[in-house]
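**Student:** Got a structure for you, questions after.
The values are calculated or read from the model by the stated rules, or taken from the named source; none is laboratory data. The model shown is predicted, which means the values in this text are computed figures rather than measured ones. Please note: Cβ atoms are built from the backbone with ideal geometry, for glycine as well, and neighbour counts cover all protein chains shown. Heavy atoms of the whole protein, side chains included, go into the accessibility calculation; ligands, DNA and RNA do not. Shrake-Rupley method; radii C 1.70, N 1.55, O 1.52, S 1.80 Å.
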Amino acid sequence: MTDEAQPYNGDTAESEVIVTTLKREEVLSASTDEPEPEEKLDTLAVQAFDLMWGAPLRSGDCTLSGLIGGTLNKGPTLRLRSDGTAELLSRFFSTDDGDAWVVVRLVLTDRNGTALFTFPRFSSPGTVTDNQVINWVAQLSFPAIFFSSVTGATMTYSC
């Protein structure tokens, strides 16, 4: 199954994937997604860009939804940073034990839909019990040179 992240156009539909984007020039805390207090901004500022799927992603018995504040009813958030680091912030749920969310392809795209970078295949931790919820933050990296050109992402996945 493939879902595409596109800039938010104001219209929503249950089958449509919506991306909310936010670029900011502030230092983020390593332990949270909140900005550091201003008195600690003596280091080089890192820009962050969030791509958010508008609805939870589903595959078989599995669901991938948001993790950060206000996104539990939405899809996961892909947070990119200008230093080439990234995180997929999500909550993984499966009705069956032994399942894992597998990201077969995660592709960063530009405004024309051209693929800029494809992340290697990765997966969530596996469920151990039925109806298990796993808060999952996947640590990723990409060539920082692409940061300013990214406007969207597509994800091909399975469970």
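**Student:** Could you list, ordered by first residue, the pairs with Cβ atoms under 7 Å in which the first is in segment 45-58 and free of Cβ contacts under 8 Å to residues at least 40 places away in the same chain and under 13 Å from LEU89 (Cα atoms) and the second is open to solvent by less than 30 Å² (accessible area, probe 1.4 Å) and of a type in the set (Lys, Arg), at least 6 apart or interchain?
**Tutor:** ASP50/ARG79
**Student:** Another question, then. Output the residue which, of all residues in segment 67-82 that are polar (S, T, N, Q), part of a loop (DSSP other than H, G, I, E, B) and surrounded by 15 or more Cβ atoms within 10 Å (Cβ to Cβ), is modelled with the highest pLDDT.
**Tutor:** SER82
**Student:** I'd like the residue in segment 123-149 that is open to solvent by less than 30 Å² (accessible area, probe 1.4 Å) and assigned to a loop (DSSP other than H, G, I, E, B) and, out of all such residues, is nearest to THR85 (Cα to Cα).
**Tutor:** The extreme case among them is PHE142.
**Student:** Within segment 83-100, take every residue that is open to solvent by 40 Å² or more (accessible area, probe 1.4 Å) and touching a residue at least 40 places away in the same chain (Cβ under 8 Å) and give me the one that is nearest to ARG121 (Cα to Cα).
**Tutor:** Among those that are open to solvent by 40 Å² or more (accessible area, probe 1.4 Å) and touching a residue at least 40 places away in the same chain (Cβ under 8 Å), it is THR85.
**Student:** Right, here's the next one. Restricting to segment 110-122, count the residues that are of a type outside the set (Val, Ile, Thr) and part of a loop (DSSP other than H, G, I, E, B).
**Tutor:** 6
**Student:** Under the condition of being in a loop (DSSP other than H, G, I, E, B) and closer than 17 Å to ALA100 by Cβ, which residue from segment 45-66 is least open to solvent (accessible area, probe 1.4 Å)?
**Tutor:** Here the residue is PRO56.
**Student:** Which residues, taken from segment 32-66, are of a type in the set (S, T, N, Q), at pLDDT below 90 and under 17 Å from the mean Cα position of the chain (by Cα)?
**Tutor:** Once the filter is applied, which keeps residues that are of a type in the set (S, T, N, Q), at pLDDT below 90 and under 17 Å from the mean Cα position of the chain (by Cα), segment 32-66 yields only THR32.
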